[in-house]
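Notes for the one structure printed next.
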Amino acid sequence: MDVFNKFYSSVSNTVSQLSGVLPGNPVTREFEATQFIASAGPGLLWKVYKGYKKSTKQEASIFVFEKKLLDRWTKADKDVMIEILRRGIVQLTKLRHPQVLTVQHSLEESRESLAFATEPVFASLANILGNTENMPQPIPNNMVNYKLYEVEIKYGLMQIAEGLAFLHNDVKLLHHNISPESIVVNQQGAWKIFGFDFCIANQSSPGAAPFWPFTEYCQALHPLTQPALDYLAPEYILSASHSPASDIYSLGMLIYALHSTGHQSLGNIGNDYMKFKKFANELRNLPQSRLLCVTEGLREYVKLMLNTTPELRPDPHQFLKIPYFEDVGVKTLNYLDSLFQWDNLQKSQFYKGLPQVIQKMPHRICIYRILPCLSKEFVNPPMVPFVLPNVLLIAENSTKEEYVKYILPVLKPVMLIQDPIQILLIFMQKMELLLKLTPGEEVKSDILPMLYRALESEAQQIQELCLCVLPTFAALIDYPAMKNALLPRIKKLCISTGYISVRVNCLLCLGKLLEHLDKWLVLDEIIPFLPQIPSREPAVLMGILGIYKVALSHKKLGITKEVMATKVLPFLIPLCVENGLTLSQFNALAALVRQMVAAVEAEHRAKLEQLNSIQNESKLVPTTSIQLMHLMITRLAQQQATARSFTRQPPPAHRPRPLDLTASLLQANLTQLSQSPRPAPGYMPASRVPLGQDGANFNNKWSGSQGRQTGVKQDWSAFESLLPAPHQPDSQHDTNKNNVKAGSSSEMLDLLS
């Protein structure tokens with residue numbers, strides 16, 4: 001009960017937590033939050049929940065800001081912060097770009113919270129780098145010891161640079177706060193720009209040079225209501241200005257934090273404005289040694305990005321052209337993101353070379369980054385034969401849990417596609433992998449029907465591959481499916497095919513399936529089918545021969561004598577004179593015929609010997625019956641004589657005569673006997689019984705009276721069915737001694753009545 005109470009309380013707390021997050025917020029009408037997973041934005045004030053849209057069940061993330069987090073602030077600071085957060089999400093909602101976080105539901109506000117919904121999110125970059133402020137406790141398992149691979153960092157930086165190029169050139173917008181807190185990594189591992197809370201829009205008229213108004217840093221306001229000083233460009237202090245180059249400086253600082261020990265910023269400024277002013281002046285003479293933690297191919301470019309002179313910094317386009325990004329993995333991820341722009345020929349060429357890249361990529365990137373892009377191509381059947389091998393290659397390196405969660409759901413629809421035929425061929429070639437990873441229920445519901453379709457295919461190679469893999473998972477096929485679906489298809493294919501190799505493979509498949517069948521299914525479905533095969537090629541005959549040998553020798557199976565004599569041997573014997581057989585094939589066939597003839601001979605001889613023995617024993621039954629009847633009649637006569645002797649004795653005078661129940665019973669027996677028909681000849685009357693013998697010596701009298709039986713035979717056949725089968729005596733003496741069974745008088749009377 002305690003365990004139940006704990007479970008109930010934990011569930012209740014979770015439900016109340018999720019429902020308490022958005023009380024009265026309109027976002028709850030369309031979205032359901034299921035799990036608290038991350039945090040993001042200035043000071044990581046936004047809580048990120050995993051969830052879904054109620055109407056479509058589409059995955060989503062719900063960002064929630066709880067106003068109670070600012071209860072310790074002054075009212076002025078609190079109002080400013082809430083207004084900044086509102087402004088940032090409104091600006092984010094207006095932007096549409098692959099490198100900007102996609103909003104699915106715009107900002108909604110209630111008395112307690114702000115909330116909006118976006119594409120599915122994994123975490124903020126700050127969370128990934130170890131900043132767990134305002135995150136769920138304990139930290140989610142998928143975030144523990146999370147480490148970014150070099151290819152992830154390269155491609156992530158490329159994505160951020162592309163996003164900045166869009167903001168600066170197309171929107172004429174300064175982000176003004178590029179930092180780990182303002183970058184969100186989505187569920188597929190793509191880096192997206194977020195946190196437009198301090199963005200500055202162009203204020204110039206159309207056609208004029210862009211102008212971004214400048215506002216000085218105010219130390220009187222709360223630090224979270226202003227850009228992070230660790231990533232703020234030095235010109236903010238040195239020349240009281242900013243430009244698109246200021247965002248490039250922030251990107252350079254972000255690169256340093258990604259590579260530094262503990263992911264610390266270069267100045268380690270925090271919220272100290274005076275320290276920021278000092279560090280801005282030190283940057284003029286920044287030594288190269290301070291950047292040793294940065295990857296060598298990127299180090300000199302980071303030094304340029306951190307230059308105190310904005311004009312010397314590269315713009316986003318120049319940054320994207322540096323050799324650092326000339327990486328096969330980066331190019332592959334970039335191509336995958338732009339596949340929608342290519343035609344089928346270009347795509348097919350790319351997919352042919354993709355396996356070599358997948359083998360070198362980290363498995364996490366293959367699962368979360370490459371697989372989603374590949375699965376989008378499954379709606380395009382002509383491309384499936386090019387995409388499917390790559391997906392199955394990823395499956396080879398996956399655990400069973402990863403396969404079931406991420407790969408199997410996208411493969412199920414593909415298993416239903418029959419055209420082009422290469423799809424089935426690829427599945428047949430990788431069937432061992434599929435059977436190893438796919439749970440038993442999915443094997444029955446998805447893989448078996450695909451194999452049935454393969455058997456019914458017109459492609460020889462697919463048929464042969466299917467026949468080869470079927471026995472490997474025969475144990476997963478239940479009896480009705482085996483009998484009613486699989487065996488009929490194999491038999492039909494074996495008879496109808498025009499390819500000898502397919503026919504031989506059918507027979508080999510049946511031979512391997514025999515151990516999974518029961519004896520009667522083999523006798524009813526397999527053995528009668530073999531003579532129907534319209535082919536007498538040596539390879540086919542050897543396949544048939546193999547099935548017979550397995551069925552004959554397997555301890556669970558066996559072929560009955562009748563089937564061998566009437567069905568199998570009449571079919572096999574004519575095959576012995578086939579001219580196409582080699583000597584070894586003929587010897588194998590002849591040996592099997594001899595083995596079957598010997599089996600029929602031995603089994604039938606044993607049966608005939610048994611029948612003959614039974615007939616010999618049955619001849620002794622009438623004599624034994626007559627002897628038994630004589631003995632029973634003798635005993636009844638003795639009981640009658642004993643009863644008479646008791647009736648002649650006078651009753652005692654000194655006490656009342658008790659009722660003699662024995663005499664009454666004997667009198668009843670005598671009365672019954674007197675009314676019965678006359679005894680058969682050979683009956684010994686009571687007067688002939690020697691005196692002095694009583695019921696205690698009944699067995700001795702029984703033995704003595706046997707010697708005096710007459711030789712007249714009587715017809716006692718009506719009793720034979722009631723008597724036990726006699727034992728075969730070893731001698732005449734044993735007959736007299738062992739065939740006599742003492743019985744009570746009531747048993748004899750019941751027998752005679």
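The values are calculated or read from the model by the stated rules, or taken from the named source; none is laboratory data. Just so it is clear, the model here is predicted, and its values are computed rather than measured. Cβ atoms come from the backbone with ideal geometry, glycine included; neighbour counts cover every protein chain shown. Remember, those area values only see protein heavy atoms, side chains included, never the ligands or the DNA or RNA. Shrake-Rupley method; radii C 1.70, N 1.55, O 1.52, S 1.80 Å.
Summary table below
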read-out: Region 271-295: number of residues that are surrounded by 13 or more Cβ atoms within 10 Å (Cβ to Cβ) and outside any helix (DSSP H, G or I); value: 6
read-out: Qualifying residues in region 223-242 (those that are surrounded by fewer than 18 Cβ atoms within 10 Å (Cβ to Cβ) and in contact (Cβ under 8 Å) with a residue 12 or more places away in the chain) - the one nearest to Ile183 (Cα to Cα); value: Pro223
read-out: Exclusive hit being among the aliphatic types (A, V, I, L, M), out of contact with any helix residue (DSSP H, G or I) (no Cβ under 7 Å at 6 or more places or on another chain) and at pLDDT 95 or above, set Val15, Val27, Val48, Val64; value: Val48
read-out: Residue match in region 178-195 (condition: modelled with pLDDT of 95 or more, open to solvent by less than 10 Å² (accessible area, probe 1.4 Å) and farther than 21 Å from Leu232 by Cα); value: yes
read-out: Hits in region 469-494 (condition: modelled with pLDDT of 90 or more and open to solvent by 20 Å² or more (accessible area, probe 1.4 Å)); value: Pro488, Arg489, Lys491, Lys492
read-out: Meets criteria (β-branched (Val, Ile, Thr) and more than 43 Å from the chain's Cα centre (by Cα)) for Ile82; value: yes
read-out: Test: Phe116 is within 15 Å of Ile193 (Cβ to Cβ), among the aromatic types (Phe, Trp, Tyr) and within 38 Å of the chain's Cα centre (by Cα); value: no
read-out: Checking Lys492 against (1) in contact (Cβ under 8 Å) with a residue 12 or more places away in the chain; (2) in a helix (DSSP H, G or I), the condition it does not meet; value: (1)
read-out: Filter pass, Lys444 being more than 22 Å from the chain's Cα centre (by Cα), over 18 Å from Ile417 (Cβ atoms), open to solvent by 20 Å² or more (accessible area, probe 1.4 Å) and basic (Lys, Arg); value: no
read-out: Residues satisfying the stated conditions in region 75-102, i.e. open to solvent by 70 Å² or more (accessible area, probe 1.4 Å) and touching a residue at least 60 places away in the same chain (Cβ under 8 Å); value: Arg87, Pro98
read-out: Subset tally (residues that are closer than 19 Å to Val404 by Cα and open to solvent by 10 Å² or more (accessible area, probe 1.4 Å)) for region 418-430; value: 1
read-out: Qualifying positions in region 352-362 - open to solvent by 50 Å² or more (accessible area, probe 1.4 Å) and within 28 Å of Asn142 (Cα to Cα); value: Gln356, Gln359, Lys360
read-out: Selection from region 103-131 of residues that are among the polar types (S, T, N, Q), in contact (Cβ under 8 Å) with a residue 40 or more places away in the chain and either open to solvent by 10 Å² or more (accessible area, probe 1.4 Å) or in contact with a Cys (Cβ under 7 Å, 6 or more places away or on another chain) (or both); value: Gln104, Ser110, Asn131
read-out: Residue within region 105-119 that is more than 14 Å from Thr28 (Cα to Cα) and of a type in the set (A, V, I, L, M, F, W, C) present; value: no
read-out: Total residues in region 159-191, condition assigned to a helix (DSSP H, G or I) and more than 21 Å from Val330 (Cβ to Cβ); value: 7
read-out: Region 542-559 residues that are of a type in the set (Phe, Trp, Tyr), paired with ones that are surrounded by 18 or more Cβ atoms within 10 Å (Cβ to Cβ) (beta carbon under 9 Å, 6 or more apart); value: Tyr548/Ile527; Tyr548/Leu530; Tyr548/Ile559; Tyr548/Val568; Tyr548/Leu572; Tyr548/Leu592; Tyr548/Met596
read-out: Residues of region 32-45 that turn out to be free of Cβ contacts under 8 Å to residues at least 60 places away in the same chain and open to solvent by less than 60 Å² (accessible area, probe 1.4 Å), as a count; value: 1
read-out: Filter result for the condition that a residue is within 25 Å of Leu44 (Cα to Cα) and under 58 Å from the mean Cα position of the chain (by Cα), over Ala245, Ala233; value: Ala233
read-out: Number of the exception - Val48 against (1) under 35 Å from the mean Cα position of the chain (by Cα); (2) part of a loop (DSSP other than H, G, I, E, B); (3) not basic (Lys, Arg); value: (2)
read-out: All helices (runs of 4 or more DSSP H) inside region 310-425 with 1 or more residues being aromatic (Phe, Trp, Tyr); value: 316-320, 328-337, 344-358, 384-396
read-out: All positions within region 437-448 that are touching a residue at least 24 places away in the same chain (Cβ under 8 Å), part of a helix (DSSP H, G or I) and not aliphatic (A, V, I, L, M); value: Gly440, Glu442, Lys444, Asp446
read-out: All positions within region 310-350 that are open to solvent by less than 20 Å² (accessible area, probe 1.4 Å), among the hydrophobic types (A, V, I, L, M, F, W, C) and more than 25 Å from Leu173 (Cβ to Cβ); value: Val330, Leu333, Leu336, Leu339
read-out: In region 141-158, residue modelled with the highest pLDDT [restricted to those that are open to solvent by 50 Å² or more (accessible area, probe 1.4 Å) and not in a loop (DSSP other than H, G, I, E, B)]; value: Glu150
read-out: Residue in region 363-384 that is within 30 Å of Tyr249 (Cβ to Cβ) and surrounded by 14 or more Cβ atoms within 10 Å (Cβ to Cβ) present; value: yes
read-out: Top-ranked residue of region 46-66 - restricted to ones that are of a type in the set (Lys, Arg) and surrounded by fewer than 17 Cβ atoms within 10 Å (Cβ to Cβ), ranked as nearest to Phe196 (Cα to Cα); value: Lys53
read-out: Where Gln264 falls short, out of the listed (1) open to solvent by less than 30 Å² (accessible area, probe 1.4 Å); (2) touching a helix residue (DSSP H, G or I) at 6+ places or on another chain (Cβ under 8 Å); value: (1)
read-out: Matching entry among Arg453, Arg503 (being of a type outside the set (Phe, Trp, Tyr) and either under 28 Å from Val577 (Cβ atoms) or open to solvent by less than 30 Å² (accessible area, probe 1.4 Å) (or both)); value: Arg503
read-out: Selection status of Leu433, within 19 Å of Leu411 (Cβ to Cβ) and surrounded by 15 or more Cβ atoms within 10 Å (Cβ to Cβ); value: yes
read-out: Test: residue in region 204-222 that is touching a residue at least 24 places away in the same chain (Cβ under 8 Å) and not in a loop (DSSP other than H, G, I, E, B); value: no
read-out: Positions within region 306-338 being over 37 Å from the mean Cα position of the chain (by Cα) and of a type in the set (Lys, Arg), in sequence order; value: Arg313, Lys321
